[in-house]
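**Q** Okay, here's the structure, questions in a sec.
The values are calculated or read from the model by the stated rules, or taken from the named source; none is laboratory data. All figures in this text were calculated on a predicted structure; none of them were measured in a lab. Every residue, glycine among them, receives a Cβ derived from its backbone with ideal geometry; neighbour counts consider all protein chains shown. Only protein heavy atoms, including side chains, enter the accessible area calculation; ligands, DNA and RNA are left aside. Shrake-Rupley method; radii C 1.70, N 1.55, O 1.52, S 1.80 Å.
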Amino acid sequence: MGRTVVVLGGGISGLAASYHLSRAPRPPKVVLVEGSERLGGWIRSVRGPGGAVFELGPRGIRPAGALGARTLVMVSELGLDSEVLPVRGDHPAAQNRFLYVGGALHALPTGFSSSLTLKVASLAMDSLCRGVFAGNSRELSIRSCFPSLFQAEQTHRSILLGLLLGAGQSPPPDSALIRQARAERWSQWSLRGGLEMLPQALDTHLTSRGVQVLRGRPVCGLSLQAGGRWKVSLGDSSLEADHIISAIPAPALSKLLPAEAAPLARVLSTITAVSVAVVNLQYHGAHLPVQGFGHLVPSSEDPGVLGIVYDSVAFPEQDGTPPGLRVTVMLGGSWLQTLEASGRVLPQELFQQQAQEAAATQLGLKEPPSHCLVHLLKNCIPQYTVGHWQKLESAMQFLAAQRLPLTLAGASYEGVAVNDCIESGRQAAASVLGTEPDSHS
């Protein structure tokens, strides 16, 4: 009998883990369990009038570095090359980013150079923490959130997971798409029908490789059986697994763990996340005052608006017919945390009004939008607060000491970007395959 690996969570991390497991020379039996009716997690693309594409979650993937390259390899393996929409290095969306300060848009220098005054640097850091993590720069661990700024990425990242699968062993990935991305200095890319094409293609691929995909089946508990196998309870039925890869948020996993894993559950429950309200707006016959990727808003300027992305600048192909200007307003920060803590129901109109006011004030888009989508993404961005590395270390030590057949993946741990999540799934799969006893049964 081959081994059974159950992957919890059908977001991009769980899909990537299942993908890499299914492509092993002798793949284990893989069962992917997703609580909701759809796969893809926070990656979600919605079609609007005239075929316009609206991203409710991530809206572009960066091709840079080994992780960016590995994602492009996967895109090619899934046959999606012809769907890729790149933003080339000479494009305004690649070159221009703005900061909205003192009621005006200011171009950010492309590289954070020493000529930056301290005020701009602290405003930029505040905005960066809000723009990437929707969090507070004074509470977040810069080391965990921006490891490249900390220089710890190369060493700590691979040692911590003890997988030693880093850049050291495997040659850097190479493909026609990667070479094109390098030659044209892509800053980011999307897919013609929106980024959700990626999880959809993964779903199709997994099914073709015999992976069992269960949707609408929330896991309600995990227990260890006498032989060291897991029992995964799905309410009215259960699964048995030799190994579990958890790609659900850390606090969600903490609630499912059995009593034997209480110390691990305690650590995982402290990795919290914040919510972001995403408001997609489309305007017909309107123009932006500047061309670029978008702008960030420091908390001193507006406690609720994190920034605005100028979607049409980067990906005009997704504007629909007749084409209309698309922007996305991100709301969050302390303003949203206070609202959520108040316990009252948050009406969509409130977010829509905030977003339209921001678009009018900050970009001069005074006319009402022709199309508007409002989504509150609850607890979508994990917060790597100070001490995050220590939490990960204690979690890894517990798993190793107890020899629990459980591997952690997903945005809760080592990066919230799409590439980080895909890589966490790949590394989880590799560690499971690496521990495989070499039996020919």
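**Q** Show the residue pairs that are 6+ apart or on different chains and have beta-carbon atoms under 8 Å apart, the first residue being within the range 407-432 and in a loop (DSSP other than H, G, I, E, B), the second being basic (Lys, Arg) and open to solvent by 20 Å² or more (accessible area, probe 1.4 Å).
**A** Ala417/Arg62
**Q** To continue, here is another question. Restricting attention to the range 321-358, and to residues there that are β-branched (Val, Ile, Thr) and under 23 Å from Gln383 (Cβ atoms), which single residue is surrounded by the most Cβ atoms within 10 Å (Cβ to Cβ)?
**A** Val329
**Q** Can you tell me which of (1) among the polar types (S, T, N, Q); (2) open to solvent by 50 Å² or more (accessible area, probe 1.4 Å); (3) part of a helix (DSSP H, G or I) is the one Asn379 doesn't meet?
**A** For Asn379, the failing item is (3).
Conditions (1) open to solvent by 30 Å² or more (accessible area, probe 1.4 Å); (2) touching a Gly at 6+ places or on another chain (Cβ under 7 Å); (3) within 23 Å of Ser412 (Cα to Cα); (4) not in a helix (DSSP H, G or I), marked per residue:
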| site | (1), (2), (3), (4) |
| --- | --- |
| Thr207 | yes, no, no, no |
| Val232 | no, no, yes, yes |
| Glu240 | yes, no, no, yes |
| Ala252 | yes, no, yes, no |
| Leu264 | no, no, yes, no |
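**Q** Please go through (1) in contact (Cβ under 8 Å) with a residue 12 or more places away in the chain; (2) over 17 Å from Arg182 (Cβ atoms) for Ser82 and return the number of the only condition it doesn't satisfy.
**A** So the condition that Ser82 fails would be (1).
**Q** Inside the range 359-374, can you point out the residues that are surrounded by fewer than 21 Cβ atoms within 10 Å (Cβ to Cβ) and either touching a Pro at 6+ places or on another chain (Cβ under 9 Å) or assigned to a loop (DSSP other than H, G, I, E, B) (or both)?
**A** Gly364, Lys366, Glu367, Pro368, Ser370, His371, listed by residue number.
**Q** On to the next question. Any residue that is more than 22 Å from the chain's Cα centre (by Cα), on the phi > 0 side of the Ramachandran plot and modelled with pLDDT of 95 or more - is there at least one of those in the range 350-359?
**A** no
**Q** Which one is nearest to Val278 (Cα to Cα) among residues in the range 382-398 that are of a type in the set (A, V, I, L, M) and open to solvent by less than 20 Å² (accessible area, probe 1.4 Å)? Even if it seems obvious, please write down each step before you answer.
**A** In the first step, residues of the range 382-398 are kept if they are of a type in the set (A, V, I, L, M); the result is 386, 392, 395-396.
Filter once more, keeping what is open to solvent by less than 20 Å² (accessible area, probe 1.4 Å): 392, 395.
Numbers: Leu392: 30, Ala395: 32 Å.
Looking at residues that are of a type in the set (A, V, I, L, M) and open to solvent by less than 20 Å² (accessible area, probe 1.4 Å), I get Leu392.
**Q** Sort out which residues of the range 213-235 are within 17 Å of Glu34 (Cβ to Cβ) and among the polar types (S, T, N, Q), and write them in order of number.
**A** As a first pass, look at the range 213-235 and keep what is within 17 Å of Glu34 (Cβ to Cβ): 213-222, 232-235.
Within the range 213-235, Ser233 is the sole residue that qualifies.
**Q** Quickly run through the range 23-54 and pick out the residues that are touching a helix residue (DSSP H, G or I) at 6+ places or on another chain (Cβ under 7 Å) and either within 29 Å of His375 (Cβ to Cβ) or surrounded by fewer than 21 Cβ atoms within 10 Å (Cβ to Cβ) (or both).
**A** Of everything in the range 23-54, those that are touching a helix residue (DSSP H, G or I) at 6+ places or on another chain (Cβ under 7 Å) and either within 29 Å of His375 (Cβ to Cβ) or surrounded by fewer than 21 Cβ atoms within 10 Å (Cβ to Cβ) (or both) turn out to be Ala24, Pro27, Pro28, Leu32, Leu39, Gly40, Gly41, Ile43, Ala52, Val53.
**Q** Using the structure shown, decide if Phe351 is touching a Leu at 6+ places or on another chain (Cβ under 8 Å), among the aromatic types (Phe, Trp, Tyr) and touching a residue at least 60 places away in the same chain (Cβ under 8 Å).
**A** In short, yes.
**Q** Within the range 417-426, is even one residue open to solvent by 20 Å² or more (accessible area, probe 1.4 Å), in contact with a Phe, Trp or Tyr (Cβ under 9 Å, 6 or more places away or on another chain) and under 28 Å from Val101 (Cα atoms)?
**A** No; the residues of the range 417-426 include none that is open to solvent by 20 Å² or more (accessible area, probe 1.4 Å), in contact with a Phe, Trp or Tyr (Cβ under 9 Å, 6 or more places away or on another chain) and under 28 Å from Val101 (Cα atoms).
**Q** For the range 279-304, give me each residue that is without any contact (Cβ under 8 Å) to a residue 60 or more places away in the chain and open to solvent by less than 10 Å² (accessible area, probe 1.4 Å).
**A** Residue satisfying the conditions is Gly304 alone.
**Q** Next up: Could you list all residues from the range 314-341 that are in a helix (DSSP H, G or I), out of contact with any Pro (no Cβ under 6 Å at 6 or more places or on another chain) and either at pLDDT 95 or above or of a type in the set (A, V, I, L, M, F, W, C) (or both)?
**A** Ala314, Pro316, Glu317, Gln318, Leu336, Leu339, Ala341
**Q** Do we find a residue being in contact with a His (Cβ under 8 Å, 6 or more places away or on another chain) and buried (at least 19 other Cβ atoms within 10 Å of the Cβ) anywhere in the range 61-84?
**A** No: zero hits.
**Q** Quick one: what pairs do we get from the range 47-59, first residue more than 19 Å from Ala417 (Cα to Cα), second open to solvent by 10 Å² or more (accessible area, probe 1.4 Å) and assigned to a strand (DSSP E or B), C-beta under 8 Å, 6+ apart or different chains?
**A** Gly48/His371; Gly48/Leu373; Pro49/His371; Ala52/His371; Val53/Ser45; Val53/Val46; Val53/Arg47
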